[in-house]
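All of the numbers you see were taken from the coordinates with simple rules; none came from a lab. This one's a predicted model, so the numbers in the text were calculated from it and none came from an experiment. Neighbour counts are summed over all protein chains in view; Cβ atoms, including those assigned to glycine, are modelled from backbone coordinates with ideal geometry.
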Amino acid sequence: MELVDQGHELERIGENKAAIECYLKLQETEDCDIKLLAKAWMRGANLALNFFKDDYGESVVGIFAGKLGSIGYHSEAAGLLIDIGRHQECLEELIAGELWEDAERTAHELDPE
């Protein structure tokens, strides 16, 4: 995946927004390495969380969460959604992944009553 290599290089030189945009361009294909894809999307989300504490950062983290959920990485997606304050979507993602205990625990943590 040359976009992953390009993203890494952009990160190395401090071009974080350009790196995020590279990671956003990655798409699931039949012959792609899902673990590598998930790792790249998490990397992009973490860059956004660390360097863009604005609407752009929240927006791209939400996009990465959706991408992760679409390939079965529901727990990771839910964690990102919590990070940007999208609690209901987090719970929905956990339920979609049939992560019942995590959904119950998260719901209780969000509303202990």
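Out of the residues in segment 11-56 meeting the condition of being among the aromatic types (Phe, Trp, Tyr) and not in a loop (DSSP other than H, G, I, E, B), tell me which one is farthest from Asp83 (Cα to Cα).
Tyr23
Can you name every residue in segment 4-41 that is within 16 Å of Ile71 (Cβ to Cβ) and touching a Leu at 6+ places or on another chain (Cβ under 7 Å)? So that I can check it myself, show each step before the final result.
Of segment 4-41, the ones within 16 Å of Ile71 (Cβ to Cβ) are 4, 23-41.
Matches in segment 4-41: Val4, Lys25, Leu26, Glu28, Leu37, Ala38, Ala40, Trp41.
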Residues within segment 22-57 that are surrounded by fewer than 20 Cβ atoms within 10 Å (Cβ to Cβ) and aromatic (Phe, Trp, Tyr), tallied: 3
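Specify the residue that is nearest to the chain's Cα centre (by Cα); the eligible residues are those in segment 40-56 that are of a type in the set (A, V, I, L, M) and over 10 Å from Ile20 (Cβ atoms). Break it down into steps so the answer makes sense when it comes.
Residues of segment 40-56 that are of a type in the set (A, V, I, L, M), as a first pass: 40, 42, 45, 47-49.
Cutting the leftovers down to over 10 Å from Ile20 (Cβ atoms) gives us 40, 42, 49.
Working: Ala40: 9, Met42: 5, Leu49: 10 Å.
Ranking the qualifying residues of segment 40-56, first place goes to Met42.
Out of everything in segment 58-82 that is more than 16 Å from Glu28 (Cβ to Cβ) and without any contact (Cβ under 8 Å) to a residue 24 or more places away in the chain, what residue ends up being surrounded by the fewest Cβ atoms within 10 Å (Cβ to Cβ)? Outline the logic, then answer.
Filtering segment 58-82 down to residues more than 16 Å from Glu28 (Cβ to Cβ) leaves 58-62, 75, 78-82.
Pick out the ones that are also without any contact (Cβ under 8 Å) to a residue 24 or more places away in the chain and you get 59, 61, 79, 81.
Details: Ser59: 13, Val61: 23, Gly79: 19, Leu81: 24.
Only one residue fits best here, namely Ser59.
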